[in-house]
Amino acid sequence: MTTEVKLVFFAKAREIVGKNHIIIEVNSTISYKDLLKTVVDRFALGDIEKSIILCVNEEYCSASDTLHLSKGDEIAIIPPLSGG
């Protein structure tokens, strides 16, 4: 079963994708690693893949998580940040 979720891109990910957010359809039950691979492959984020963090509905996820997504869930794509 699939569901529509909102991807929100930050910093370098937003620069690469060229959009703040986008709606996509993904499996409603998906591993963190599979979701990350889907996002990286679909939006050409391979250069920053190893440092991306995913958050679902403002909660950080772990690489070992299985995610149970519902229509309208928000997934933040957070790349490495720098600042001073």
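Here, each number is a calculation from the coordinates, and none is a lab measurement. Here the structure is a predicted model, which means the values were calculated and not measured. Every residue, glycine among them, receives a Cβ derived from its backbone with ideal geometry; neighbour counts consider all protein chains shown.
Altogether, the Stokes-Einstein calculation at 4 °C and 1.567 mPa s, with the Kirkwood radius of the chain over Cα pairs as Rh, returns a diffusion coefficient of 101 µm²/s.
Other residues within the sphere of radius under 12 Å centred on the Cβ of VAL56, judged by their own Cβ, net out at -4 (K and R +1, D and E -1).
In the chain, helical runs assigned H by DSSP with n ≥ 4 each contribute -39500 (n - 2.57); averaged across all residues and rounded to the nearest 500, the mean residue ellipticity at 222 nm is -6500 deg cm²/dmol.
Within a straight-line Cα-Cα reach of under 22 Å, LYS71 can be paired with the following lysines, leaving aside sequence neighbours fewer than 8 residues apart in one chain: LYS6, LYS19, LYS33, LYS37.
For the range 30-77, the fraction of C-alpha pairs farther apart than 13 angstrom is 55 percent. For the chain, leaving out every one of the trypsin sites (Lys or Arg not before Pro) that falls in a DSSP loop and has at most 15 other Cβ atoms within 10 Å, the longest unbroken run is 20-70. Cβ crowding within 10 Å ranks ILE23, ILE30 as ILE23, ILE30, fewest other Cβ atoms first. For the range 1-64, GluC sites (Glu not before Pro) are listed when DSSP marks them as loop and at most 13 other Cβ atoms sit within 10 Å of their Cβ; the list is GLU58.
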